[in-house]
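**Q** First, the structure itself, so that you have it in front of you.
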Ligand code: NAD
């Protein structure tokens with residue numbers, strides 16, 4: 001396909017543009033995922049807490065693309081791992097992972113992530129031990145984290161020599177995560193952006209963006225996705241509208257120049273849409 005890949009720190013190639021399914025009800029997930037795969041997407045991002053792993057797996061099977069041509073990500077939810085500093089943490093991860101595979105109807109995932117760092121619960125040692133076992137056994141081709149900041153990554157490094165392949169974090173033109181991206185680059189961690197379109201709406205109506213879009217005869221969403229790709233970030237926009245699913249994949253065939261990139265950069269506010277992960281402990 002025309003979508004570039006990012007080579008992760010274990011050598012695995014990950015498509016730089018994928019399809020996210022947060023807030024897609026399980027009943028609607030199969031159709032959305034099938035539409036995305038038919039449009040050309042080869043990477044799908046779900047999570048146990050999205051409660052749509054079954055529908056996602058069904059969509060994958062219905063699309064009929066061989067499993068090995070797809071890149072599936074899911075995430076460990078916070079429940080069942082409350083006491084994650086102990087042996088119970090390791091065992092709970094393996095149980096949760098098995099349940100995710102069962103719902104997805106596959107015997108491996110390409111990427112398994114710790115969904116939230118929850119630093120108030122102590123060391124990552126035993127949890128990450130389970131991730132190392134999954135990676136060594138090939139049931140997760142790569143393992144990583146989500147919503148980790150520099151402090152949480154540093155704490156993780158103290159318990160392990162297996163550096164996460166990916167850190168999936170909130171990242172869009174309003175909140176570009178420059179410092180964290182530089183830290184990732186130093187440590188060989190790929191940056192993956194969640195809510196890459198800033199959840200739509202206000203961001204996509206920014207005059208600085210609509211101006212660049214008009215210049216290229218593209219939409220603001222396509223300009224934002226180009227900005228992600230040209231920034232070296234992995235991006236996973238979500239939509240359930242077939243026309244938008246296709247639009248978000250059609251980001252080849254044009255390029256933002258330095259001035260366009262600067263125009264997108266100019267809307268940064270440094271404000272998050274989602275919670276600050278350092279204090280987030282929802283179950
Ligand atoms: P997003 O930035 O992808 O925005 C999605 C919304 O933008 C859609 O619901 C729609 O309203 C709008 N939209 C999409 N395409 C559009 C287009 N072409 N034109 C106009 N509007 C458009 O937001 P998201 O769903 O929050 O994030 C994407 C994915 O990131 C999720 O589905 C999920 O997979 C992942 N995610 C992960 C975490 C995490 O904690 N790891 C948190 C949030 C999201």
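Bear in mind these aren't lab numbers, they're just calculated from the coordinates by the rules spelled out. If you're wondering where the values come from, they're calculated on a predicted model, not measured in any experiment. As a convention, Cβ positions derive from the backbone with ideal geometry for all residues, glycine included, and neighbour counts pool all protein chains shown.
**Q** Stretched out fully, how many nm does the piece from residue 107 to residue 230 gain, at 0.36 nm a residue minus the Cα gap?
**A** 40.9 nm
**Q** Go ahead and set up a Gaussian network model of the chain, Cα springs under 10 Å, then flag whichever of 146, 161, 239 fluctuates most.
**A** It is 161.
**Q** Suppose R0 equals 25 Å. What FRET efficiency, 1/(1 + (r/R0)^6) with r the Cβ-Cβ distance, do residue 215 and residue 39 give to the nearest 0.05?
**A** My answer for the efficiency is 0.50.
**Q** Tell me the mean residue ellipticity at 222 nm calculated for the chain from its helices only (DSSP H runs of n ≥ 4, each -39500 (n - 2.57), averaged over every residue, nearest 500).
**A** The helix contribution divided over the chain gives -12000 deg cm²/dmol.
**Q** Mean-square fluctuation check for the chain, GNM, Cα pairs under 10 Å: which of 56, 160, 191 is largest?
**A** Evaluated over the chain, the most mobile residue of the options is 160.
**Q** Does anyone have the angle between helix 220-230 and the longest principal axis of the chain? Alpha-carbon axes, 0 to 90°, nearest 10?
**A** Helix 220-230 sits roughly 60 degrees off the main axis of the chain.
**Q** When a/c reaches 1.5 or more, the comparison of a/b and b/c decides; with that in mind, is the range 1-90 rounded, prolate or oblate per its Cα gyration tensor? Can you show the working numbers first?
**A** On the way: a/c = 2.60, a/b = 1.36, b/c = 1.91.
It is oblate, given that a/c is not under 1.5 and a/b is not larger than b/c.
**Q** Which order do peptides 45-54, 5-14 fall in by mean Cβ count within 10 Å, highest first?
**A** Per-residue mean Cβ counts within 10 Å order the peptides as 45-54, 5-14.
**Q** Nearest 5 percent is fine: what portion of the DSSP beta bridges confined to the range 1-160 is antiparallel?
**A** Numbers: 3 of 17 bridges.
Just about 20 percent of them are antiparallel.
**Q** Roughly what angle does helix 178-187 make with the longest principal axis of the chain, taking Cα atoms, 0 to 90 degrees, to the nearest 10?
**A** With both axes taken from Cα atoms, the answer is about 50 degrees.
**Q** Now for a different question. If you count the DSSP beta bridges with both ends in the chain, what percent of them are antiparallel, to the nearest 5? Write out the running numbers ahead of the final one.
**A** Details: 4 of 28 bridges.
Counting only bridges with both partners in the chain, antiparallel ones make up about 15 percent.
**Q** Can you order the peptides 272-283, 256-267 by their average number of other Cβ atoms within 10 Å per residue, highest first?
**A** 256-267, 272-283
**Q** Taking 0.36 nm per intervening residue step and subtracting the Cα-Cα distance, what contour gain separates residue 258 from residue 121 on full extension?
**A** In short, 45.0 nm is gained.
**Q** Can you tell me the length gained on complete extension of the stretch residue 2 to residue 22, counting 0.36 nm per residue apart and subtracting the Cα distance?
**A** Residue separation times 0.36 nm, minus the Cα-Cα distance, leaves 4.7 nm.
**Q** Report, to the nearest 10°, how far helix 53-63 tilts away from the longest principal axis of the Cα atoms in the chain, using its own Cα long axis and a range of 0 to 90°.
**A** Rounded to the nearest ten degrees, it is 60.
**Q** So the label point goes 7 Å from the Cα of residue 68 along Cα→C-beta, right? Which residues of the range 1-18 then have their backbone N under 15 Å from it?
**A** Output list for this probe position: 13.
**Q** I'd like to compare 153-159, 116-122: which one has the highest average count of other Cβ atoms within 10 Å, and what's the full order after that?
**A** Numbers: 153-159: 15.4, 116-122: 17.7.
Ranked from most to least packed, the peptides come out as 116-122, 153-159.
**Q** If you take every DSSP beta bridge fully contained in the range 164-283, what fraction is antiparallel? Give it as a percent rounded to 5.
**A** If I count the DSSP bridges inside the range 164-283, around 10 percent turn out antiparallel.
**Q** Find the centroid of the Cα atoms in the range 1-22 and in the range 152-195, then give the distance between the two in whole Å.
**A** That distance is 16 Å.
**Q** How big is the gap, in Å, between the Cα center of the range 30-109 and the Cα center of the range 229-257?
**A** 22 Å
**Q** With springs connecting C-alpha atoms under 10 Å apart, model the chain as a Gaussian network and identify which of 198, 137, 55 has the largest mean-square fluctuation.
**A** Largest GNM mean-square fluctuation: 137.
**Q** Then there's this: Please state, as a whole number in µm²/s, the translational diffusion coefficient that the Stokes-Einstein equation yields for the range 136-283 at 10 °C and 1.306 mPa s, with Rh defined as the Kirkwood radius across alpha carbon pairs.
**A** My calculation gives 96 µm²/s for D.
**Q** Can I ask one more? Take the Cβ-Cβ distance between residue 246 and residue 51 as r, set R0 to 25 Å, and report the resulting FRET efficiency rounded to the nearest 0.05.
**A** My answer for the efficiency is 0.45.
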